[in-house]
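Before any comments, here is the structure.
Since every read-out is calculated from the coordinates, none of them should be taken as a lab result. The shown structure was predicted, so the numbers you read here are calculated from the model rather than taken from an experiment.
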């Protein structure tokens with residue numbers, strides 16, 4: 001008799017591809033939570049995990065994880081000259097920083113504050 005992890009003569013293979021659960025789980029955490037539940041219900045199933053991001057929150061984290069990259073932090077200033085802890089990443093283990101996170105912080109600063117107060121000669125460091 002075929003167990004629940006088989007479909008006819010074929011073993012069950014599932015692709016788990018969630019986005020973040022905004023405010024509670026990022027895409028990786030959601031993927032792992034779903035996989036844990038499926039492993040309890042279907043212990044012999046083959047699970048492929050692929051956290052998804054659509055260009056919004058979680059995209060940079062998903063790219064860093066998918067390529068084996070890493071995050072870096074340093075002291076810097078925002079466009080209003082205020083000190084902050086900047087965060088950037090290198091994708092795929094390369095040493096070339098990617099500015100996606102810094103640019104996101106710039107857009108946030110300009111929305112929250114009077115854009116006229118921003119230094120037009122810099123976008124922060």
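Odds and ends about this structure:
- Taking a quarter of the surface of the Cα convex hull of the stretch 1-90 gives a mean projected area of 8.0 nm².
- Per-q log10 I(q)/I(0), the stretch 10-53, q = 0.20, 0.33 Å⁻¹ (Debye; single scatterer per alpha-carbon; no solvent): -0.58, -1.12
- Short-range pairs are left out: with C-alpha atoms under 8 Å and at least six residues apart, the relative contact order of the stretch 10-53 is 55 percent.
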